[in-house]
Amino acid sequence: MPIRLEDYTEAHKPALAARLDAEGLTKREGAVGLFWQTLLSDPYKQNSVIVVATEDAGEGAGEGRAVHGIGIGMRRPYGRDSGRPVFYWVATEKRRQGIGAMLKQAIGKRLAAAGVPTQYGSLFNGQEDAIPFLTATGFQQICCDLIIGWNGGEYTYKPVEGVSCAIYRGGDPVLNEKIAAFQNKAFVRETMVPHLTGDSIEHILVNEKHWMMVATEDATGEVVGVTECSDTNIFPSISVARRYWASGLAEWIGGLSLDIYVAAGITDPWTIVRPVNRASLAYLARMNWHEKGTITSFGAPTQDDA
């Protein structure tokens, strides 16, 4: 039967849940299981466009049809051009039948209509079997970065005089703006980090349920250090003002953040680092983090699908 592409609605949920359960995805531990569980419970909280590939076998959106694949365009910008991360999944027995390409074109078309210039996909080492799909559908490799993880080794830190640290989960527009300005300056040379605003910081903290350890200079009230963290084992970023690079502030906010992961029972957090970022690699080594693998990013212009 022909495949129909439809914008995801609540009517598709039973069929999608059944498909994901059959493949064991919603029962997976850690970030993978949480991703699918969140998609089912609140699909558009973190995602702006969702398209499902269904079997055309009945009237009404999603009713009486199996879901064979899904394409997702996320809300959080990625890349200096404020593109969007995308995710494609096709049921095991339905792969290599063109469904992925159909979903990629559908997501690209919707993102282009919203003014988003690029869709970005990422593969961990061990997922190289997806490269032919990416190259066949217009994606080009952008970068290959290191995955660095902590697995229970010792780490030490101490407070920095004149600085206060506190966990932050959003809700303060003034602090959001300060964090955004600080992060934009800290990552000014990083081409894969988008420009941030106070609103985007609030989205990260509230919609994505991330949290931050924020270091503030007592004398000035300036933000001088930030970690972005999550309630899974992903540790997105750490940044420290240049004048505090040799002060131990990175160890302090990183150690405080790691304390929270450990207290929550998360003993294997990981982060992504550029291979050429020697300062970050040296810092992580001091904190007993070690290389775990690689992640490769790919990009495709959405205009090709418009």
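The values are calculated or read from the model by the stated rules, or taken from the named source; none is laboratory data. Fair warning: this is a prediction, and the values are worked out from it, not measured in the lab. Positions of Cβ are backbone-derived with ideal geometry, glycine not excepted, and every protein chain shown enters the neighbour counts.
Here are some notes:
- Residue among LEU20, LEU34 that is crowded, with 16+ Cβ neighbours inside 10 Å, touching a Ser or Thr at 6+ places or on another chain (Cβ under 6 Å), assigned to a helix (DSSP H, G or I) and modelled with pLDDT under 90: LEU34
- Residue match in the range 259-271 (condition: outside any helix (DSSP H, G or I), in contact with a helix residue (DSSP H, G or I) (Cβ under 6 Å, 6 or more places away or on another chain) and over 18 Å from ASN233 (Cβ atoms)): no
- Filtered by the rule that a residue be of a type in the set (Ser, Thr, Tyr) and either in the same structural domain as PRO194 (by TED's automatic domain parsing) or under 27 Å from GLU291 (Cα atoms) (or both), the range 89-132 gives TYR120, SER122.
- The listed residues are ALA285, ALA219, ALA246, and the only one of them that is at pLDDT 95 or above, aliphatic (A, V, I, L, M), over 25 Å from ARG169 (Cβ atoms) and part of a loop (DSSP other than H, G, I, E, B) turns out to be ALA219.
- Residues of the range 98-139 satisfying the condition of being assigned to a strand (DSSP E or B) and within 16 Å of ASN47 (Cα to Cα): THR118, GLN119, TYR120, GLY121
- Those residues of the range 288-306 which are modelled with pLDDT of 95 or more and either over 27 Å from GLU154 (Cβ atoms) or in contact with a helix residue (DSSP H, G or I) (Cβ under 6 Å, 6 or more places away or on another chain) (or both), in sequence order: THR296, SER297, PHE298, GLY299, ALA300, PRO301, THR302
- Qualifying residue in the range 77-96 (condition: buried (at least 17 other Cβ atoms within 10 Å of the Cβ), under 15 Å from the mean Cα position of the chain (by Cα), touching a residue at least 40 places away in the same chain (Cβ under 8 Å) and part of a loop (DSSP other than H, G, I, E, B)): yes
- Candidates GLY171, GLY225, filtered to the one that is of a type in the set (Gly, Ala, Ser), farther than 27 Å from GLN303 by Cβ and surrounded by 14 or more Cβ atoms within 10 Å (Cβ to Cβ): GLY225
- Any chance ARG110 is of a type in the set (D, E, K, R), within 26 Å of ILE272 (Cβ to Cβ) and buried (at least 17 other Cβ atoms within 10 Å of the Cβ): no
- In the range 249-268, the residues that are farther than 20 Å from ARG189 by Cα, at pLDDT 95 or above and of a type in the set (A, V, I, L, M, F, W, C): LEU249, TRP252, ILE253, LEU256, LEU258, ILE260, VAL262, ALA263, ALA264
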